[in-house]
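Working notes, structure below.
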Amino acid sequence: YQTKDAAVQAKNDFAENLSNIAHQIKTPITAISLSLQTLSEIPMKNEYEKDKMEQIKKQLIRLIHLEESLLVLSRLDAGTLMFQKEDVDVFTLLVLAADNLQELFADSGTFIDIPESGEMAVTADLNWTMEAVINVMKNCMEHNAGGTVHCSYGQNPLYTEILIWDEGDGFAKEDIPRIFEKGFTGYNGRADKKSTGLGLYLCRKAADKLMHPIRVESEPGKGTVFSIDLYRDNLELL
């Protein structure tokens, strides 16, 4: 019992520390954001200054995403997230997820293909299931810039399967077991400097909490396929 209590306390302390760090990050983020707003009102003298300003903006966006991810992680680790069961149409779920990434897709010149396969309802938490889907779509987009991210879905008596895949470089074989690890940013043997290493980790954590198994298949040069299974009445198990 003492060992169990100590483990629970350590987990709660870790979650609290993550939350504290995330809140502390807000202060410099706000200061940087205000400074950028002031600087943006001053005409840039040359392309070099414009380029540097864009770099700062991109890093600020990355910091904001990091802060948001840390807050979510702290709530997941503390077990304080509440999930709400409702009927969700799969096509609507995919479209809403893609809409959240519309600007990123446009900037990268990447297309997303979501063919409608008729009405198909699942019982799930819309926001958190969509969060998992968004992270998978974003991962496929980042490593398939200028290409197309494909989606499909199907249903059987036990579960609904969502497939999301790209035609990018694919994962190196040794990377596949690690892609859902916290902090892992390697891809096809390379480190992705744009990644915080938290997106797919959050995706797996949310999927586990929602009882949505998520799997990945990949081959170098042939792209990557993610599959998410949404079991019927899965939230009854929470």
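The values are calculated or read from the model by the stated rules, or taken from the named source; none is laboratory data. This structure is a prediction, so every number in the text was calculated from the model and none was measured. As a convention, Cβ positions derive from the backbone with ideal geometry for all residues, glycine included, and neighbour counts pool all protein chains shown. When the accessible area is computed, the model is the full protein with side chains, heavy atoms only, and any ligands, DNA or RNA have been set aside. Shrake-Rupley method; radii C 1.70, N 1.55, O 1.52, S 1.80 Å.
Quick notes on this structure:
- Ordered by 1.4 Å accessible area with all protein chains kept, 89, 208 run largest first as 208, 89.
- For residue 178, the solvent-accessible surface with a 1.4 Å probe is about 100 Å², rounded to the nearest 10.
- Amide H contacts under 5 Å for residue 112, placed H, 5+ residues apart: 149
- Accessible-area value, residue 176, 1.4 Å probe, nucleic acids and ligands omitted, Å²: 50 Å²
- GluC sites (Glu not before Pro) restricted to DSSP loop in region 79-161 with at most 14 other C-beta within 10 Å: 116, 119
- Note on residue 20 and residue 181: with the Förster distance fixed at 22 Å, the Cβ-Cβ geometry gives a FRET efficiency of about 0.40.
- Largest to smallest in accessible area, the residues 57, 4 fall in the order 4, 57 (1.4 Å probe, all protein chains included).
- Candidate residues 92, 129: accessible-area rank, largest first, probe 1.4 Å: 92, 129
- Treating r as the C-beta distance of residue 172 and residue 89 and R0 as 30 Å, the FRET efficiency rounds to 0.25.
- Cα-projected label distance for residue 145 with residue 62, points at 7 Å along beta-carbon direction, nm: 1.2 nm
- Residue 201 accessible area, 1.4 Å probe, all protein chains in place, Å² to nearest 10: 40 Å²
- Integer Hz, Karplus 6.51/-1.76/1.60 couplings in order for region 144-160, x for Gly and Pro: 8, 4, x, x, 10, 9, 9, 9, 7, 8, x, 9, 10, x, 9, 7, 10
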